[in-house]
Amino acid sequence: MTARNIAYKVLLDIEKNSNYSNIALNKFLKDSKLTNKDRGLATEIVYGVVANKRTLDYMINKKSKIKVKKMNHSVKIILRMGVYQLLYLDRVADYGVIDEAVKMMKKIDRRSSGFVNAILRNISREKDRILDLDDSYKNLAIKYSYEDWIVDRISDQYGKERTSNILAALSMRPRIFLRINRNKLRDGENLSDLKKYIVDRLEKDGVIVRDRHILEEAIEVENFKQIENKDLFKSGYISVQDISSMMVARALNPKKNSKVLDLCAAPGGKSCHIGEMMKDSGSVLACDVFDHKIKLIKAYSNRLGLTNIEACINNAMVINEDYVGAFDYVVCDVPCSGMGIVRRKPEIKYKKKEGVDSLPKIQRKILDNASKYIKKDGVLIYSTCTIFKEENIELIEEFLKDNKEFKLDSIENLPFERERLDKGYLEIIPDRDDMDGFFICRMKKI
């Protein structure tokens, strides 16, 4: 099976079953015999089509009397794949892209192959001028492929002039970061020594390492394929975690032998980072609502050799009397719209307004419950991976108004300007900070 055949099957799964792109891609790549190069092409096509779906449909509709929404799934997907390759990839000549698309269509529905051929040839002839969208506000939703309401909300909150910059930043290729496991430090060894050992092994394996010195435990890499099969990963020296996500445990900055609760922990990255920072002392209770997610957390902590992580089922929306007043630190990284990590999960671009608007009520309920689990003088971290203010600072302001026993607490241990951290919350915005969008708030119970 070719890279394009795999990409087609993944995209069909997404279109018909509303599956997430990363889950569908992993499902079909898992047992494939594709080379690394072809796996890369299949991945590129899948993410490219999903991330640019609205733009691609706009182009197809300009050249087709039958509009995309009236096409059957197979025709729609093969056209999107073809147009994406014609407009955004240059590794294959146009005639090769069109020929492959027509061959695929013939195998599925021969009657539609002529239609696919005609549309793709028309777009190929005019591709230098067909993407005629400038940065005027009216074109942004089509150019960057978003639902209109999302662009309008970003504009309302950050201004029209900045909206284009934010959308452009969210369209950048995501960077890959590895987190070094401090638990692997030997006696007399410091983190720099461990980092050098890991970097040397990565480079011997052909991995490109770009150490931007953002966090001492973070390494940026390129060309790191099938990470889960690498010895460094399997033996627990490294984990994959975005740099913005690492900031949460850093903002918590827990002391050794502390008692920590992570209310929405799966798949376990933040919990394990906290466990590493405490040098495998104290305890981290990592909770989630589904059993299969608890298994993910346990597998994660076991791989790292951490003994201070306990994973258990708990519904963050329901008060747990056993937790009340029991913890030194509580982290609630709540379910959110994900509008800061669009480049990693492009389906987010097409979320419905109603679903996103229902989130603050859920987030506030989780935060209210979390606040009851803190000891006096304890620390509460609230975090999201979104840039929408109603899920972030606006929700925190309402919470503090209703809970006078909590106050914003200056954040330490993060590489940002002091005036941003002294506020007690950090807004990481992709266009300004060159990383995924995140919100991290540190509060103290007084």
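The values are calculated or read from the model by the stated rules, or taken from the named source; none is laboratory data. Bear in mind the structure is a predicted one, so any value in this text is a computation, not a measurement. As a convention, Cβ positions derive from the backbone with ideal geometry for all residues, glycine included, and neighbour counts pool all protein chains shown. Surface areas here come from the heavy atoms of the whole protein model, side chains and all, with no ligands, DNA or RNA. Shrake-Rupley method; radii C 1.70, N 1.55, O 1.52, S 1.80 Å.
Couple of notes before you dig in:
- Sites N61 and V318, calculated FRET efficiency, Cβ-Cβ separation with R0 45 Å, nearest 0.05: 0.45
- J(HN,Hα) series, region 148-155, from Karplus relation 6.51 cos²θ - 1.76 cosθ + 1.60, nearest Hz, glycine and proline x: 4, 5, 5, 4, 4, 5, 4, 5
- In angstrom, the C-alpha Rg and Dmax of the chain are 23.6, 72.
- In range of the label at S235: residues from region 279-319 whose backbone nitrogen is under 18 Å from the point 7 Å along Cα→Cβ: 302-306
- Span from the region 23-70 Cα centroid across to the region 305-342 one, whole angstrom: 35 Å
- Efficiency of FRET from Cβ geometry, S410 and D193, R₀ 30 Å, rounded to 0.05: 0.45
- Heavy-atom surface analysis with a 1.4 Å probe gives the chain a carbon and sulfur content of 48 percent of its accessible area.
- Global form of region 274-356, assessed from the alpha-carbon gyration tensor, a/c cut-off 1.5: prolate
- Qualifying trypsin sites (Lys or Arg not before Pro) for region 247-328 [loop in DSSP, other Cβ within 10 Å: at most 16]: K255, K256, K279
- Residue ranges 368-376, 225-233 sort as 368-376, 225-233 when ordered by packing (mean number of other C-beta atoms within 10 Å per residue, highest first).
- Once the 1.4 Å probe is applied to the protein heavy atoms, the chain comes out at 47 Å² accessible per residue.
- When +1 charges are put on Lys and Arg Cβ atoms and -1 charges on Asp and Glu Cβ atoms, the dipole computed for region 3-125 relative to its Cα centre reaches about 460 debye.
- Gyration tensor (alpha-carbon) shape descriptor, region 280-319, a/c threshold 1.5: oblate
- FRET efficiency estimate (nearest 0.05) - Cβ-Cβ, K298 to A118, R0 51 angstrom: 0.40
- 3J(HN,Hα) along region 194-201, derived from phi through the Karplus expression 6.51 cos²θ - 1.76 cosθ + 1.60 where θ = phi - 60°, amounts to 5, 4, 4, 4, 5, 4, 4, 5 Hz, with x in place of Gly and Pro.
- Taking amide H as placed 1.01 Å from N in the peptide plane, D135 has no amide H partner under 5 Å among residues 5 or more places away or on another chain.
- Prolate/oblate/rounded call for region 252-445, Cα gyration tensor, a/c under 1.5 rounded: rounded
- Charge dipole (Cα centre; +1 on Lys/Arg Cβ, -1 on Asp/Glu Cβ; no other charges) of the chain amounts to roughly 1820 debye.
- D_trans [Stokes-Einstein, Kirkwood Rh over alpha-carbon pairs] for region 3-125, 4 °C, 1.567 mPa s, µm² s⁻¹: 90 µm²/s
- Packing-based ranking of 136-145, 334-343 yields 334-343, 136-145, ordered from highest to lowest mean Cβ neighbour count within 10 Å.
- Unit Cα scatterers, Debye sum, region 183-315: log10 I(q)/I(0) for q = 0.18 Å⁻¹: -1.05
- Stokes-Einstein translational diffusion, region 176-240 - Kirkwood Rh over all Cα pairs, 1.002 mPa s, 20 °C, in µm²/s: 181 µm²/s
- The HN-Hα couplings worked out from phi for region 243-260 by the Karplus form 6.51 cos²θ - 1.76 cosθ + 1.60 (θ = phi - 60°) are 4, 5, 5, 5, 5, 5, 5, 4, 5, 5, 6, x, 7, 4, 6, 7, 10, 10 Hz, whole numbers, x standing for Gly and Pro.
- Order by protection proxy (mean Cβ within 10 Å, highest first), peptides 313-319, 119-125, 49-55: 49-55, 119-125, 313-319
- Helical runs assigned H by DSSP (4 residues or longer) give the chain a calculated mean residue ellipticity at 222 nm of -14000 deg cm²/dmol, each run adding -39500 (n - 2.57) before division by the residue total.
- Based on alpha carbons, the Rg and Dmax found for region 206-247 are 10.6, 28 Å.
- Multiplying the residue separation of K352 and K16 by 0.36 nm and removing their Cα-Cα distance gives an extension gain of 119.2 nm.
- The residues neighbouring I243, those whose beta-carbon lies less than 11 Å from its own, together hold a net charge of -2 under the Lys/Arg +1, Asp/Glu -1 convention.
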